[in-house]
């Protein structure tokens, strides 16, 4: 059975409240339905859900996980929020590209660029290369 | 991979006489000298629990037995994961099996067969599945808003050269995919 650890950290970008959500491990059929609910809860709780999904530690995601990402995106946008993806590994970026997610969601290869995307109205700017190894900021909350 | 699963269900079907020679890990030398495809079949119970082990096994097979690059090893992990998940979710009932067969000619191609028993909740014929794939392939993936519908028609069909379905004699479907090794895709 696949294991994933999702951690949540509050952040701020130019006065805009963000939730930094870091994924570590694998998302697949065995765990994604349960894990996805944690993100829905955050979207529900935030008035304007601005979510930065840090995929630096995400080793695998299946098609259903990608389906959840698009659904989170739709729900966040419906509340005037936004979702940005940061630091996907090469294999994760590859699969996000093949299913067309990069046409919808901004993807950046470092956290600072990803944060800056919340203060711009830029169209999706997909990272051309996978993110370099970088130590993520320590999480403040674990769900 | 789950050791118990590997011990119980992995069946090598190469023409060797000693059980140890059936192991993938002992095949490297013979793959280089023999010009015959290597065939390995794995039978798993109808449970997604075993899928992460299948992904690990796929990575090992592709990296050690096919000549494909790491990028394609990851891609084939996804291909096999999606096909096996479909068979588990729709094709075989709980308590039944799903059979996954890898066939590889190093430096030339890899093909995978995923066979269900047709006892699952969704019964489709090979022709119905082919129609479904043809229709869905023309959809812009960026317009898909549902949770499902990306595995077979976006991921599997994009990363394979052949995607076909066969009705099994005893019921169920076999999905067959082939990826030929082309220039720039090798290690």
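Consider residue B:103 carefully, then state whether it is surrounded by fewer than 18 Cβ atoms within 10 Å (Cβ to Cβ), outside any loop (DSSP other than H, G, I, E, B) and in contact with a strand residue (DSSP E or B) (Cβ under 7 Å, 6 or more places away or on another chain).
Judged against the criteria, residue B:103 is a match.
Can you go through B:185, B:164 and tell me which one is under 13 Å from the mean Cα position of the chain (by Cα) and in contact (Cβ under 8 Å) with a residue 12 or more places away in the chain? Spell out the reasoning first.
Numbers: B:185 fails: under 13 Å from the mean Cα position of the chain (by Cα).
Among B:185, B:164, only B:164 is under 13 Å from the mean Cα position of the chain (by Cα) and in contact (Cβ under 8 Å) with a residue 12 or more places away in the chain.
Just checking, how many residues over segment A:33-62 are under 15 Å from the mean Cα position of the chain (by Cα) and either away from chain B (no Cβ under 14 Å) or crowded, with 22+ Cβ neighbours inside 10 Å (or both)?
So the answer is 17.
Looking at B:52, B:78, B:41, which is the one that is assigned to a helix (DSSP H, G or I) and either touching a strand residue (DSSP E or B) at 6+ places or on another chain (Cβ under 7 Å) or modelled with pLDDT under 95 (or both)?
B:52
For segment A:18-51, name all the residues that are in contact with a strand residue (DSSP E or B) (Cβ under 8 Å, 6 or more places away or on another chain) and assigned to a loop (DSSP other than H, G, I, E, B).
Passing the criteria: A:28, A:31, A:46, A:48, A:49.
Of all residues in segment A:72-87, count the ones that are in contact (Cβ under 8 Å) with a residue 12 or more places away in the chain and within 12 Å of chain B (Cβ to nearest Cβ).
3
With respect to the numbered conditions (1) surrounded by fewer than 19 Cβ atoms within 10 Å (Cβ to Cβ); (2) within 13 Å of chain A (Cβ to nearest Cβ); (3) touching a residue at least 12 places away in the same chain (Cβ under 8 Å); (4) more than 23 Å from residue B:44 (Cα to Cα), which one is the sole condition not fulfilled by residue B:154?
Residue B:154 satisfies all of (1) surrounded by fewer than 19 Cβ atoms within 10 Å (Cβ to Cβ); (2) within 13 Å of chain A (Cβ to nearest Cβ); (3) touching a residue at least 12 places away in the same chain (Cβ under 8 Å); (4) more than 23 Å from residue B:44 (Cα to Cα) except (1).
Test of understanding: among A:66, A:92, which residue is within 13 Å of chain B (Cβ to nearest Cβ), under 20 Å from residue B:75 (Cβ atoms), out of contact with any helix residue (DSSP H, G or I) (no Cβ under 7 Å at 6 or more places or on another chain) and part of a helix (DSSP H, G or I)?
Step by step, each of A:66, A:92 is checked, and only A:92 is within 13 Å of chain B (Cβ to nearest Cβ), under 20 Å from residue B:75 (Cβ atoms), out of contact with any helix residue (DSSP H, G or I) (no Cβ under 7 Å at 6 or more places or on another chain) and part of a helix (DSSP H, G or I).
The values are calculated or read from the model by the stated rules, or taken from the named source; none is laboratory data. Since this is a predicted model, take the numbers as computed values, not measurements. Ideal geometry is used to build each Cβ from the backbone, glycine not excepted, and the neighbour counts take in all protein chains shown.
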